[in-house]
Amino acid sequence: MAAGVILLLTLEDRIGNVNTGLSEEAVIKCLKHRRYLLFSEENASKEFCSTCQDEYVGEDELGTLGCGHDFHAACIKQWIRCKNLCPVCKATGLNTMDPNIPTNL
Ligand SMILES: [Zn+2]
Ligand SMILES: [Zn+2]
């Protein structure tokens, strides 16, 4: 059991060294949330989440990146924590330099 925990910590350390993602705290602060409304006009054509390839369904919680692309909030949070890039257009995912976002740096 203890060995497993150590292995996990070591793995996180290694990922940390090449990490270009954001901390969970930064993701929570920067990610814009909205609800997907299945029957609204702007969503007349099917939209889907590029990270998990699933179509949005009514009332899914979405996260919007700085470039305007939408994803499931849960999917994009995981993604941004690994890479702060939009999976679709490769733009910077979340701009942590936004003056409206307090940082501890
Ligand atoms: Zn998804
Ligand atoms: Zn994008």
Enumeration of residues in segment 48-62 that are under 17 Å from the mean Cα position of the chain (by Cα) and more than 10 Å from ligand 1 (Cβ to nearest atom): Glu61
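Take segment 47-102 and flag every residue that is among the small types (Gly, Ala, Ser) and under 15 Å from His33 (Cβ atoms).
Taking segment 47-102 first, the residues among the small types (Gly, Ala, Ser) are 50, 58, 63, 66, 68, 73-74, 91, 93.
Those that are among the small types (Gly, Ala, Ser) and under 15 Å from His33 (Cβ atoms): Gly63, Gly66, Gly68, Ala73, Ala74, Gly93.
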First in segment 49-71 and part of a loop (DSSP other than H, G, I, E, B), second anywhere and near ligand 1 (Cβ under 8 Å from one of its atoms), Cβ under 6 Å, 6 or more apart: Cys49/Phe71; Cys49/His72; Cys49/Cys75; Thr51/Phe71; Thr51/Cys75; Cys52/Cys75
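Read-outs: derived from the displayed coordinates by stated rules, not from any lab. This one's a predicted model, so the numbers in the text were calculated from it and none came from an experiment. Here the Cβ is made from the backbone with ideal geometry for all residues, glycine too, and neighbour counts use every protein chain on show.
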